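Taken together, the values in this text are just the output of simple stated rules run on the coordinates, not laboratory data. Small disclaimer: the values here were computed from a predicted structure and weren't measured. No Cβ is skipped: glycine too gets one built from the backbone with ideal geometry, and neighbour counts run over all protein chains shown.
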Amino acid sequence: MSDKIQIFDTTLRDGEQVPGCGLNKKEKIIITEALEDLGVDVIEAGFPISSPGDFESVQAIAATVKNATVCGLSRAVQKDIECAAEALKKAKRPRIHTGLGTSDQHVMTKLKITREEVLERAKACVSYAKKFVEDVEFYAEDAGRTDNEFLAKVIQVAVNAGATVVNIPDTTGYCLPEEYGQKIKYLVENVNGIDRVTISTHCHNDLGLSTANSIAGIQNGARQIECTINGVGERAGNTSLEEVVMILRKHNWLNFDTNINTKQLYPISRLVSETMNMPVQANKAIVGSNAFAHSSGIHQDGVIKNRDNYEIIDPAEVGVDKSSIILTARSGRAALNFRLGQIGVVLSKDELEETYQRFLSMADDINVVNDPDLKELVGVYAHINL
Ligand code: KIV
Ligand code: ZN
């Protein structure tokens, strides 16, 4: 029996913090509906105190969502918590996400308080949020750079105060997977009663390790992953939802499962990219335009013989129509013949050889040879009727 991993989507909060990618209320509702169809368990709708616009968006999202938990962010400050509670009033399953920095870096140079005060404020913010909602998630900002002993003390206070979820953010994307996994393990072994709450990962991608760190987190006891569509987020972004979901699906021997309808991954990736006006890099895992495109001769020949030779994911599983064979000067005869077959052209062996030589010169000139170019190449044969 697999363990269910809760998928907490923060595209509309942490993701939306990207400069130039702000969304209006209507766009947020469209994405919210798509997130529900995708099957996420928690939607972090925004940071209600941050602006009247964000407050209204969280309110509207709270009223729209049917099944998922709707979460609002707050600092460990009473007026933030009250504001989040107010914005979430119409939610069927409201959650307040509150907390503060715990690393020496944050405690000394940002909050400018003592460690004792961190413990007091952690207790106070969870207790205060509990007055409004049952479901309170506590975050220890910059947990990635917080020493494990002190982090365990803070998390203990949050658990004792009634937190239902404890979030261990690697805010600056600093940790190595082994290190982050050990941090979660340390908490599992050193915080009393942590078995009654959900441990959450929240990893940033400054060193390109957010996905690996999130997976290390769940291998060591976390049961919720915080992530965004396409990995959008400040700086190098957040953990990419589609990556963690597909890792768990492809490595099912790990015995973890999610509620995500993977066929919606590509459509929602396009929706978020277009609405945020944020292109997805072509070689992005799972949802990049090249993720299922093959262009070198050896790979093309292998894929045409059996897709599994070079693809570990069936494109249909993530909502992509099909894999594509891209014709470039690196392509071989097998790929050319395959693509000709797709437009209904059958050539003799000699014709194929002759066409292949002309194809190579064309590809050297224009780089990618598309269907109209192929038609031009075979137009010299009288028996071809296109
Ligand atoms: O990265 C971070 O630490 C956060 C918290 C506010 C949860 O986004
Ligand atoms: Zn974050």
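Can you give the extra length, in nm with one decimal, that the chain gains between N385 and D308 once fully stretched, where that is 0.36 nm per residue apart less the Cα-Cα distance?
24.3 nm
Which whole-number percent is the relative contact order of the chain (Cα, under 8 Å, 6+ apart)?
14 percent
Need the C-alpha centroid separation for segment 212-249 versus segment 60-117, integer Å.
21 Å
Could you tell me how many degrees, from 0 to 90 and to the nearest 10, lie between the Cα long axis of helix 349-366 and the main elongation axis, the longest principal axis, of the Cα atoms of the chain?
On a 0 to 90 degree scale, this one is about 50.
How long is the gain from D364 to K79 if the chain were fully straight, where each residue apart is worth 0.36 nm and the alpha carbon distance is subtracted?
Here the answer is 96.2 nm.
Sequence neighbours fewer than 8 away in the same chain don't count; with that in mind, list the lysines whose C-alpha is under 23 Å from K130.
Counting by Cα, and skipping residues close in sequence, K130 has these lysines nearby: K66, K79, K89, K90, K92, K153.
What nm value, rounded to one decimal, do you get for the distance between N24 and T109 when each label is placed 7 Å out toward the C-beta?
Going by the 7 Å Cα→Cβ label model, 4.0 nm.
Roughly how far apart, in whole Å, are the Cα centres of segment 291-360 and segment 119-149?
54 Å
Place a point 7 Å from the Cα of A282 along the Cα-to-Cβ direction; which residues of segment 294-312 have their backbone N under 11 Å from it?
Under cut-off, by backbone N: 295.
Please give the helix 210-219 orientation as an angle from the longest Cα principal axis of the chain, in degrees from 0 to 90, rounded to the nearest 10.
Between the helix axis and the principal axis of the chain, the angle is about 60 degrees.
How do 226-237, 22-33 rank on mean C-beta neighbours within 10 Å, highest first?
Ranked by mean Cβ neighbours within 10 Å, highest first: 226-237, 22-33.
Kindly express, to the nearest 10 degrees and within the range 0 to 90, the angle between helix 177-190's C-alpha long axis and the longest C-alpha principal axis of the chain.
30 degrees
Which of the peptides 376-385, 62-71 is most tightly packed, and how do the rest follow, going by the mean number of other Cβ atoms within 10 Å of each residue?
Ranked from most to least packed, the peptides come out as 62-71, 376-385.
Using amide H atoms built in the peptide plane, which far-off residues or other-chain residues are under 5 Å from Y139 H to H?
T98, G99, L100, N167
If you take the beta carbon distance between D147 and E33 as r and set R0 to 56 Å, what does 1/(1 + (r/R0)^6) give as a FRET efficiency, to the nearest 0.05?
So the FRET efficiency works out to roughly 0.85.
What does the extension gain come out to for N190 and Q342, with contour length at 0.36 nm per residue minus their alpha carbon separation?
48.7 nm
Using +1 on the beta carbon of Lys and Arg, -1 on that of Asp and Glu, and nothing else charged, what's the dipole of segment 108-160 about the Cα centre, debye to 20?
Value, rounded to 20: 180 debye.
Modelled label-to-label distance, D3 and Q219, 7 Å Cα→beta-carbon offset: nm?
1.3 nm
With a 10 Å radius around each residue's Cβ, average the other Cβ atoms per peptide and rank 347-356, 51-60, highest first.
51-60, 347-356
Given Cα pairs under 8 Å that are at least 6 residues apart, what percent is the relative contact order of segment 293-378?
The value is 31 percent.
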